[in-house]
Amino acid sequence: MSFCTCVDIIIRFIFILIVPYLIRTPGLNLGARLGFVMGFIALCGTVFVIFQVPETKGKSLEEMDELFAVRVTIHVSGQWLILDR
């Protein structure tokens, strides 16, 4: 958790430093088009989550451990149950 927090803080810091230059620098001068860049990044993240992150709603930590140990495919992870119940 602390690693993820550190990475998040570093990425936010870099983002805060870069965005003003992307908007106003004469060579780049993205202006409002920067929204399209951000939208594309958000779209890529959404596609990644839909196809690569398993459904975890209503599952305990033990169920999640077994889900990853058995390598259940992403598309059936929502209906998957532990066999030894």
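Could you check, for the stretch 32-50, whether at least one of its residues is surrounded by 10 or more Cβ atoms within 10 Å (Cβ to Cβ), part of a loop (DSSP other than H, G, I, E, B) and touching a residue at least 12 places away in the same chain (Cβ under 8 Å)?
No: zero hits.
Could you grab the pairs with beta carbons closer than 8 Å, sequence gap of 6+ or different chains, first residue in the stretch 17-30 and on the phi > 0 side of the Ramachandran plot and free of Cβ contacts under 8 Å to residues at least 60 places away in the same chain, second one part of a loop (DSSP other than H, G, I, E, B) and not small (G, A, S)?
Sorted first by the residue in the stretch 17-30, then by its partner, the list stays empty.
Read-outs: derived from the displayed coordinates by stated rules, not from any lab. The model shown is predicted, which means the values in this text are computed figures rather than measured ones. Note: ideal-geometry Cβ built from the backbone for every residue, glycine included; neighbour counts use all protein chains shown.
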